[in-house]
1. Probe of 1.4 angstrom, ligands and nucleic acids ignored: what's the accessible area per residue over segment 17-148, in square angstrom?
2. At 0.36 nm per residue, and after removing the present C-alpha to C-alpha distance, how many nm does the segment from residue 75 to residue 120 gain when stretched out fully?
3. What do you get for Rg/Rh over segment 77-144 if you use C-alpha atoms and the Kirkwood form of Rh?
4. For residue 67, enumerate residues with amide H under 5 Å from its amide H, sequence gap 5+ or separate chain, H modeled in the peptide plane.
5. With labels modelled as points extended 7 Å from the Cα through the Cβ direction, what inter-label distance (nm, one decimal) is found for residue 25 paired with residue 142?
6. Taking loop as defined by DSSP and a crowding limit of 11 other beta carbons within 10 Å, which GluC sites (Glu not before Pro) in segment 83-120 fit?
7. Report, by chain and number, residues whose modeled amide H sits under 5 Å from the one on residue 92, excluding near sequence neighbours (fewer than 5 apart, same chain).
8. With charges set only on the Cβ (+1 for Lys and Arg, -1 for Asp and Glu), what does the dipole of the chain come to about its Cα centre, in debye to the nearest 20?
Amino acid sequence: MSEQSRQVRIVMVEDDEGHAKLIEKNLRRAGVHNELLSFRDGSSSLQFLFGPDGSGEVHRGQPLLILLDLNLPDISGTDILQRIKENEHLKLSPVVVLTTTDDKVEIQRCYDLGCNVYITKPVNYENFANAIRQLGLFFAVIQVPETA
C-alpha cells in the first residue's frame, strides 16, 4: 500500500454491530490496515466529521474515506451523504454507500447526491464477506484526495 493510502482514515457509519465487525475483519483480511473509526449512528458520525464548530475544517488536510449505511436509527444516510457533499471541507472525500437497500430510485438519488460507489450488502454471510474483501482490494489501489 502506498504511503498516501496508509494515511487515509476510514470512517464507517454502520448501526449493525455484526455488519461493522464483518466489514472491519474482511477489510483487514484484504490488507487494509488504515485507521478505521466506527460510528453506530448518524449523530455521532456527523459530530466527528463536522467537528466542534460544525464546519468540517477539523479534518483539513486529512484524507478521509467514508463507508456509509443508509438505514440508521436517527438520521438517514442520504441526509448524511448530502451534508458531506455540500460541505466545502468534506466534499472531496469519497463516500461508499454500503447498505441493504437495492431500490433503483434510492441508488440514483445517492449518485445524484455525490456518492462515489454504491454497494448492496449481500444477504448471504459468505457473499457479504467476499464483497468486503473485494472492496478492500479496491481501497488498496484508489487515490483519496486530502480534505480542503
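The values are calculated or read from the model by the stated rules, or taken from the named source; none is laboratory data. Keep in mind that what you see is a predicted model, and the values were worked out from it rather than measured. Reconstructed Cβ throughout: ideal geometry from the backbone, glycine too, with neighbour counts over all protein chains shown. With ligands, DNA and RNA removed, areas are computed over all heavy atoms of the protein, side chains included. Shrake-Rupley method; radii C 1.70, N 1.55, O 1.52, S 1.80 Å.
1. Roughly 49 Å² per residue, with all protein chains present.
2. This chain segment gains 14.3 nm when fully extended.
3. Across segment 77-144, the Cα-based Rg/Rh ratio is 1.00.
4. Placed amide hydrogens put 11, 12, 13, 96 under 5 Å from residue 67.
5. Result: 2.4 nm between the two label points.
6. Sites meeting the loop and neighbour criteria: 88.
7. For residue 92, whose amide H was placed from the backbone, the distant partners under 5 Å are 148.
8. 520
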